[in-house]
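Working notes, beginning with the structure itself.
The values are calculated or read from the model by the stated rules, or taken from the named source; none is laboratory data. On a predicted model such as this, the values are computed, not experimentally measured, just so you know. With ideal geometry, Cβ positions are generated from the backbone for all residues, glycine too; neighbour counts draw on all protein chains shown.
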Amino acid sequence: MDFLTIFRVLWDRLAAWVTVLAGLIAVILGIVGVRDNVYVAAQMPYVISGGILGLFLLGLGATLWLSADLHDQWRVLLEIRDQRDAPAEGSREPTTSNAR
Amino acid sequence: MIMVNLVGFVLIVAGYLVCRATAEPSRIQLATSIASGGLVVTLAGNIVWLFGNLREVTRLRRQVLIGSATAKPPDVPAFGSAEGRPPTASVLVSSPSMSRYHRPDCLLVAGKAVKATSLAAHRRAGRKPCQVCRPDAEMEVAGTEATG
């Protein structure tokens, strides 16, 4: 399986991971910036850009991850419902493309 | 969701820019409030959005479960003997148009005209096991218990 296929199937989870990683990096950079400054006025930009922006990115990553789970669940449920409601003759069979 | 996150991001960036441009305590306090407000707006928006999606998934799940509970049981002809045999895992059902075989109680065959056939016959016909009821899973367990 090449990278493009992986990206197409798992783009939502990849986006979640990238966002969470960016959030962690922002928090760490914020901590480093605050640690190197003794003045509160100089620390505040780091608190905002590191701490608050980091929390924002972590929250966004968690939302993307949960959203991907819900999306998978939704697709499987739709497939089950369609299979159940389809007539016996010429009915589609369940596919394994969504099974993880 | 995109809109809420965009608004939150803009507020955080605005707070950062205001904070970086001044050393005045009141302005710094304002900047921190703007940035914190952006974070709160984003988190609240994401939570509301996730709960909305969760509610939709729950509604669909209920629809699927209630539908399968009220569906007519599959019409499984007698298999093996004249008086018939209760459906077990060894009795697998399918129809000529299907490319997979199922357990008799699988919700994907509920209400459909299916026939019970042996596993060997299904395999000879080139059918694969259903990925929802997984008829092979029980057989694998039974095989493991028999050998172990």
Here's a check for you: in segment A:80-100, which residue that is within 30 Å of residue B:45 (Cβ to Cβ) and surrounded by 14 or more Cβ atoms within 10 Å (Cβ to Cβ) is modelled with the lowest pLDDT? A:98
Exactly one of (1) over 29 Å from residue B:27 (Cβ atoms); (2) more than 16 Å from the chain's Cα centre (by Cα) is unmet by residue A:10. Its number? (2)
Which residue is surrounded by the fewest Cβ atoms within 10 Å (Cβ to Cβ), if the candidates are limited to segment A:38-73 and must be among the aromatic types (Phe, Trp, Tyr) and modelled with pLDDT under 90? A:39
Can you pull out the residues in segment B:39-70 that are at the interface with another protein chain (Cβ under 7 Å from one of its Cβ atoms), farther than 19 Å from residue A:69 by Cα and either at pLDDT 85 or above or not in a helix (DSSP H, G or I) (or both)? B:39, B:42
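Yes/no per residue for (1) under 17 Å from residue A:83 (Cα atoms); (2) facing chain A (nearest Cβ under 9 Å); (3) in a helix (DSSP H, G or I):
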{"site": "B:97", "(1), (2), (3)": "yes, yes, no"}
{"site": "B:101", "(1), (2), (3)": "yes, no, no"}
{"site": "B:111", "(1), (2), (3)": "yes, yes, no"}
{"site": "B:120", "(1), (2), (3)": "no, no, yes"}
{"site": "B:123", "(1), (2), (3)": "no, no, yes"}
{"site": "B:132", "(1), (2), (3)": "yes, yes, no"}
Quick check on my filter: what residues within segment A:33-79 are in contact (Cβ under 8 Å) with a residue 24 or more places away in the chain, among the hydrophobic types (A, V, I, L, M, F, W, C) and farther than 14 Å from residue A:16 by Cα? A:53
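With B:137, B:142 as the choices, which residue is over 24 Å from residue A:79 (Cβ atoms), in a helix (DSSP H, G or I) and either at pLDDT below 85 or more than 27 Å from the chain's Cα centre (by Cα) (or both)? Reasoning before the result, please.
On the way: B:137 fails: over 24 Å from residue A:79 (Cβ atoms).
Matching residue, one of B:137, B:142: B:142.
For segment B:99-127, how many residues meet the condition of being of a type in the set (A, V, I, L, M, F, W, C) and over 27 Å from residue B:66 (Cβ atoms)?
Of the residues in that region, 4 qualify.
Every residue, every condition in (1) of a type in the set (S, T, N, Q); (2) touching an Asp or Glu at 6+ places or on another chain (Cβ under 8 Å); (3) facing another protein chain (nearest Cβ under 9 Å); (4) farther than 30 Å from residue B:133 by Cβ, yes or no:
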site: A:42; (1), (2), (3), (4): no, no, yes, yes
site: A:56; (1), (2), (3), (4): no, no, yes, yes
site: A:59; (1), (2), (3), (4): no, no, yes, yes
site: A:62; (1), (2), (3), (4): no, no, yes, yes
site: A:71; (1), (2), (3), (4): no, yes, yes, no
site: A:75; (1), (2), (3), (4): no, no, no, no
site: A:86; (1), (2), (3), (4): no, no, yes, no
Looking at (1) surrounded by fewer than 17 Cβ atoms within 10 Å (Cβ to Cβ); (2) hydroxyl-bearing (Ser, Thr, Tyr); (3) modelled with pLDDT of 80 or more, which one does residue B:94 not meet, given that it meets all the others? (1)
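Do you know which of the residues in segment B:19-38 that are among the hydroxyl-bearing types (Ser, Thr, Tyr) and more than 7 Å from chain A (Cβ to nearest Cβ) is surrounded by the fewest Cβ atoms within 10 Å (Cβ to Cβ)? Please lay out each step first, then the result.
In the first step, residues of segment B:19-38 are kept if they are among the hydroxyl-bearing types (Ser, Thr, Tyr); the result is B:22, B:26, B:32-33, B:36.
Checking the rest, the ones that are also more than 7 Å from chain A (Cβ to nearest Cβ) come to B:22, B:26, B:33.
Details: B:22: 14, B:26: 8, B:33: 13.
Ranking the qualifying residues of segment B:19-38, first place goes to B:26.
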